[in-house]
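Read the structure below first, then the notes.
The values are calculated or read from the model by the stated rules, or taken from the named source; none is laboratory data. Everything numeric in this text was worked out from a predicted model, so none of it was measured. With ideal geometry, Cβ positions are generated from the backbone for all residues, glycine too; neighbour counts draw on all protein chains shown. Side chains included, ligands, DNA and RNA excluded: accessible areas come from the protein's heavy atoms. Shrake-Rupley method; radii C 1.70, N 1.55, O 1.52, S 1.80 Å.
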Amino acid sequence: MDITHIEHIGIAVRNIEEQLPYYEDVLGLKCYNIETVEDQKVKTAFFKVGQTKIELLEPTSEDSTIAKFIERRGEGVHHIAYATKSVKAALKKADEKGLRLIDKEPRKGAEGLNIAFLHPKSTGSVLTEFCEHPEE
Ligand code: ZN
């Protein structure tokens, strides 16, 4: 699948502002981007940790999948995102191996990345994302 590194770890939070002091003042990370992804009904905040990022996910609507996740499981780690050279190729391989796909085709995620999710039923209950930087 040409996975190069963990692109980011997604963490579901009720409120990004409330979590900033932990990430910025305690861990000493810098939030370099906050953006809302309308079609996912989520507000995201990003911190760089070396090559990997932490992505905080705050629901912007009660019917957001993040709101539902927090309702069921509370705040916490939501997904792991692997950087791959080709999301399309990674999806094809996952499909061939019989894994359940949430996205059959790559779509646009935060930061303009091409992304796709695998269903946690096929991945030991870890919601798994593939990410590809379009310029790479
Ligand atoms: Zn993500």
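Computed quantities for the displayed model
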quantity: Residues of the range 83-113 satisfying the condition of being outside any loop (DSSP other than H, G, I, E, B) and surrounded by 20 or more Cβ atoms within 10 Å (Cβ to Cβ); calculated: A83, T84, V87, A90, L91, A94, A110
quantity: Residue count, the range 1-32 (criterion: open to solvent by 40 Å² or more (accessible area, probe 1.4 Å), within 13 Å of the ligand (Cβ to nearest atom) and farther than 20 Å from R72 by Cα); calculated: 1
quantity: The range 127-136, subset open to solvent by less than 70 Å² (accessible area, probe 1.4 Å) and in a loop (DSSP other than H, G, I, E, B), residue modelled with the highest pLDDT; calculated: L127
quantity: Close pairs from the range 77-98: first away from the ligand (no atom under 16 Å from the Cβ) and of a type in the set (D, E, K, R), partner open to solvent by less than 40 Å² (accessible area, probe 1.4 Å) and at pLDDT 95 or above, Cβ under 7 Å, at least 6 apart; calculated: K85/E132; D95/L101
quantity: Qualifying residue in the range 119-126 (condition: within 12 Å of the ligand (Cβ to nearest atom), touching a helix residue (DSSP H, G or I) at 6+ places or on another chain (Cβ under 7 Å) and at pLDDT 95 or above); calculated: no
quantity: Unique residue being within 16 Å of the ligand (Cβ to nearest atom), surrounded by 11 or more Cβ atoms within 10 Å (Cβ to Cβ) and farther than 18 Å from L127 by Cβ when the list is E55, E35; calculated: E35
quantity: Condition check for Q40: under 23 Å from F130 (Cβ atoms), among the polar types (S, T, N, Q) and either in contact with a Cys (Cβ under 8 Å, 6 or more places away or on another chain) or within 13 Å of the ligand (Cβ to nearest atom) (or both); calculated: yes
quantity: Some residue of the range 59-78 being under 20 Å from P134 (Cβ atoms) and open to solvent by 20 Å² or more (accessible area, probe 1.4 Å); calculated: no
quantity: Pairs, first of a type in the set (D, E) in the range 1-17, second outside any strand (DSSP E or B), C-beta under 9 Å, six or more apart; calculated: D2/K85; D2/S86; D2/A89; D2/A90; E7/Q51; E7/L113; E7/H133
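Matching residues to (1) of a type in the set (K, R); (2) on the phi > 0 side of the Ramachandran plot; (3) modelled with pLDDT of 95 or more; (4) within 15 Å of the chain's Cα centre (by Cα):
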{"site": "E38", "(1), (2), (3), (4)": "no, no, no, yes"}
{"site": "K43", "(1), (2), (3), (4)": "yes, no, yes, yes"}
{"site": "K48", "(1), (2), (3), (4)": "yes, no, yes, yes"}
{"site": "E55", "(1), (2), (3), (4)": "no, no, yes, yes"}
{"site": "T60", "(1), (2), (3), (4)": "no, no, yes, no"}
{"site": "T65", "(1), (2), (3), (4)": "no, no, no, yes"}
{"site": "F69", "(1), (2), (3), (4)": "no, no, yes, yes"}
{"site": "G76", "(1), (2), (3), (4)": "no, yes, yes, yes"}
{"site": "A81", "(1), (2), (3), (4)": "no, no, yes, yes"}
